[in-house]
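Chemist: Can you keep this structure in mind? I'll have questions shortly.
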Amino acid sequence: MLSASSVPALTSRALTSHKGDFGRVLLVGGSRGMSGAIALAGMAALRSGAGLVTLAVPDVCLDVIASMAPEYMTVPLPTDTEGRITGAAVERIRDLAQTATVVGMGPGLGRSQQLDRLVPAIVSNVDLPMVVDADGLNALASAQPPIDLGLRQRATPVILTPHPGEFRRLTTQPENSLAQLRACAPAFAQQHNAIVLLKGHRTLITDGTQSVENTTGNPGMATGGAGDVLTGIIAALLGQGLAPFDAAQLGAHVHGVAGDLAADKLGQTSLIAGDLVDHLPAAFLSLSPANE
């Protein structure tokens with residue numbers, strides 16, 4: 001079980017630190033009608049200590065997404081008629097990744113055949129620490145050739161953050177119960193050279209050889225956008241040098257702490273994803289001095 005005393009810690013910041021020391025986070029996502037998802041991920045990454053955050057988003061959504069927070073940068077990507085990123089964006093994303101420390105993909109992407117090809121192409125060909133969530137996971141589930149060909153060849157394991165429905169699609173076991181999903185998660189992680197963060201009550205984090213459960217969080221966090229916030233948190237922690245399994249653990253823990261602090265103040269019924277971002281500073285302050 002994860003607790004405040006056992007959760008991994010960030011190192012203290014040197015007095016001579018500059019923004020380049022704390023990671024260049026590249027987040028890819030968004031689509032017409034789901035601009036807020038990638039914006040929430042970007043704001044969460046900023047509040048989780050990332051030095052620089054760039055959002056690569058559909059060109060038709062860029063102005064809206066850029067207006068949501070002045071602290072992150074935005075880069076336009078080509079879109080289809082429905083306002084979704086197209087396969088033509090692959091080379092642009094790969095170019096952007098050359099100056100990034102970590103990549104996060106998925107929030108607000110939407111679904112299309114082009115995205116089903118784009119996401120596996122980035123996972124396979126960009127060997128940086130990476131978080132894949134939401135429709136990024138659905139694209140991997142639909143990948144041809146199968147997902148493991150894209151993940152096993154990587155030097156750095158990918159962090160996958162599915163909710164149970166997304167994990168059922170990844171495992172191609174649509175009838176599996178939650179208990180069955182939790183039981184098969186370690187083998188799946190080991191087979192695919194991935195870290196699986198299976199979201200829900202007592203979120204399970206496993207790399208196939210070690211598994212922990214997170215104990216923070218509450219039912220008020222069952223709201224749209226909460227997972228996008230988690231993506232941004234974990235990406236920021238990876239950018240600051242945490243090992244992938246440690247980043248997944250600390251990310252899940254602090255995400256839940258932010259949710260608990262928000263629920264204490266606002267109640268579970270009224271809690272929204274933006275409240276998680278707002279309570280991240282207090283969540284980090286509640287941890288050990290090294291995480292302040």
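Read-outs: derived from the displayed coordinates by stated rules, not from any lab. Because the structure is a prediction, the values reported are computed rather than measured. No Cβ is skipped: glycine too gets one built from the backbone with ideal geometry, and neighbour counts run over all protein chains shown.
Chemist: Rounded to the nearest 5, what % of DSSP beta bridges with both residues in the chain are antiparallel? Show your work: numbers first, answer last.
Modeler: Values: 7 of 30 bridges.
The answer is about 25 percent antiparallel.
Chemist: Further, regarding this structure: Taking 8 Å as the Cα distance limit and 6 or more residues as the minimum spacing, I'd like the relative contact order of the chain as a percentage.
Modeler: On the way: 665 pairs, mean separation 63.0, N = 292.
Here the relative contact order equals 22 percent.
Chemist: Taking 7 Å along the Cα-to-C-beta vector as the label spot, tell me the Ser177-Asp63 distance in nanometres, rounded to one decimal.
Modeler: 5.3
Chemist: Let me ask another. Taking 2.2 N^0.38 Å as the expected size of a compact globular protein, what ratio does the Cα radius of gyration of the range 34-104 give against it, to two decimals? Could you put the intermediate results ahead of the total?
Modeler: Numbers: Rg = 11.9 Å, N = 71, 2.2 N^0.38 = 11.1 Å.
Here the answer is 1.07, to two decimals.
Chemist: Specify the residue with the greatest mean-square fluctuation among Ala185, Ala45, Ala235, computed from a Gaussian network of the chain linking alpha-carbon atoms under 10 Å apart.
Modeler: Ala185
Chemist: Output the DSSP H helices from the chain with an along-axis C-alpha extent of no less than 30 Å and a mean Kyte-Doolittle hydropathy no less than -1.0.
Modeler: 244-266
Chemist: Taking H placed 1.01 Å from N in the peptide plane, check which residues at least 5 places from Met73 or on another chain put their amide H under 5 Å from its amide H.
Modeler: Val53, Thr54, Leu55
Chemist: Just checking my list [x] 33, 20, 17; [y] 37, 25, 16; [z] 25, 23, 19 against semi-axes √(5λ) of the Cα gyration tensor in Å computed from this structure; which label fits?
Modeler: [z]
Chemist: For the range 199-219 and the range 247-281, write down the distance between their C-alpha centroids in whole Å.
Modeler: Computed from Cα coordinates, the inter-centre distance equals 16 Å.
Chemist: Here's something else I'd like to know. May I ask you to work out the translational diffusion coefficient for the range 197-292 at 4 °C, viscosity 1.567 mPa s, via Stokes-Einstein with Rh from the Kirkwood sum over Cα pairs, reported in whole µm²/s? Display every interim value, and only then the final one.
Modeler: Working: Rh = 13.3 Å.
The calculation lands on 97 µm²/s.
Chemist: Mind ranking 152-162, 66-76, 100-110 by how tightly packed they are, going by the mean number of other C-beta atoms within 10 angstrom, highest first? Spell out each step's value before the answer.
Modeler: Values: 152-162: 20.6, 66-76: 16.1, 100-110: 27.7.
Sorting 152-162, 66-76, 100-110 by mean packing, highest first, produces 100-110, 152-162, 66-76.
Chemist: Test of understanding: ordering Cys184, Cys61 by Cβ neighbours within 10 Å, fewest first, what list do you get? Could the numbers behind the result be given before it?
Modeler: Details: Cys184 17, Cys61 28.
Fewest-to-most Cβ neighbours within 10 Å comes out as Cys184, Cys61.
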